[in-house]
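The values are calculated or read from the model by the stated rules, or taken from the named source; none is laboratory data. Note that the structure is a prediction, hence the values are computed from the model and not measured. Note that we place each Cβ from the backbone using ideal geometry, even for glycine, and neighbour counts take in every protein chain shown.
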Amino acid sequence: MIRSCAAVVIGIVLTIRAVAQVHPTTASFGYTATFLVNSPATNLIFTPSNNDSGFVYVTGSRFVGAQSGITLRLTHALDEQTRWFVPASIEAVFFRGKQRLESQLFIGRGEVAAEMYTLSSGIQYRVLDLPLAQAFIYASAEPRVSYLSGVRFSYQVSDKATGHLVPDYSLDTTLKQSVVRAGGTLRVGAQGVLDERLMINLSIAWGAFNLIGRDSRTTDPQRRGYLLTPTRISETNEAIEQFMQFSLWIQYPF
């Protein structure tokens, strides 16, 4: 009787483990670097007037280089061969751009800041198994919906001789409202085992933030202009914002 019960228990345990291996669910968390591609938001932040009046002509956001972010991602297998998966992610990107300009009398420091929060899901396929570390290469297509906070622009002018702030010339403003946009991402990555219960996930992705929901108005005074700039000066309709992402995530299997 004891042997029979033990055999049943062992069978149940092995069945649970087999199901877990056939239909694995994993959770990932880590760093994501976002690079804008051919974006007007990578232009200069501002140009001061020639008479040192402190007037600011904003022409971009200076979002140059990697924009830091974090990602939480869940992945679940759809088939017994664990070839097809459904990924679901929550992502936050913190856009920051800075510039410093100097004249004979003043030093001007400008900063543009915005946060983008994204929910995404899609389909992922295990393309190729690798011989080491139980690793494999995967590819995925992931629609995404993003909330972008109002792009903030601050500009501080200090007297060059004294170092004191000149309040009359300084600005801190948000001229564009927060918006929701839909887009998509194509991702290629590699996943491998670090130890028994820990994996590493590296990926590169290309996509667009605002394939759906763009403001197409070109002359309306209330138009948005570009998605990631703080003003609409010299801007017409909202262009598609493309991006590249490089991600490093630590992954835990359930």
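A few points about this structure:
- Some residue of the range 184-191 being touching a helix residue (DSSP H, G or I) at 6+ places or on another chain (Cβ under 9 Å) and of a type outside the set (A, V, I, L, M, F, W, C): no
- When we screen A139, A135, A77, A114 for residues that are closer than 19 Å to V58 by Cα and of a type in the set (A, V, I, L, M), the only hit is A114.
- Being crowded, with 17+ Cβ neighbours inside 10 Å, modelled with pLDDT under 90 and not polar (S, T, N, Q) is a property that holds for R232.
- Every condition in (1) assigned to a strand (DSSP E or B); (2) surrounded by 14 or more Cβ atoms within 10 Å (Cβ to Cβ) holds for T82 except the one numbered (1).
- Residue in the range 45-55 that is at pLDDT 90 or above and either among the β-branched types (V, I, T) or part of a strand (DSSP E or B) (or both) present: no
- Within the range 145-167, at least one residue is crowded, with 17+ Cβ neighbours inside 10 Å, touching a Phe, Trp or Tyr at 6+ places or on another chain (Cβ under 7 Å), of a type outside the set (D, E, K, R) and under 30 Å from Q251 (Cβ atoms).
- Residue match in the range 202-210 (condition: modelled with pLDDT under 95 and either within 17 Å of F35 (Cα to Cα) or touching a Leu at 6+ places or on another chain (Cβ under 9 Å) (or both)): no
- Candidates in the range 174-201 are the residues that are surrounded by fewer than 14 Cβ atoms within 10 Å (Cβ to Cβ) and more than 25 Å from V145 (Cα to Cα); of these, the one that is modelled with the lowest pLDDT is E196.
- Any chance F106 is under 25 Å from the mean Cα position of the chain (by Cα), in contact (Cβ under 8 Å) with a residue 40 or more places away in the chain and more than 20 Å from T71 (Cα to Cα): no
- Residue in the range 10-21 that is at pLDDT below 55 and surrounded by 12 or more Cβ atoms within 10 Å (Cβ to Cβ) present: yes
- Residues (in contact with a Phe, Trp or Tyr (Cβ under 6 Å, 6 or more places away or on another chain), surrounded by 17 or more Cβ atoms within 10 Å (Cβ to Cβ) and either among the hydrophobic types (A, V, I, L, M, F, W, C) or not in a strand (DSSP E or B) (or both)) located in the range 91-143: F95, V112, A114
- Flag for Y147 being aromatic (F, W, Y), within 22 Å of the chain's Cα centre (by Cα) and under 16 Å from A205 (Cα atoms): no
- Some residue of the range 197-214 being in contact with a Lys or Arg (Cβ under 8 Å, 6 or more places away or on another chain), charged (D, E, K, R) and without any contact (Cβ under 8 Å) to a residue 40 or more places away in the chain: yes
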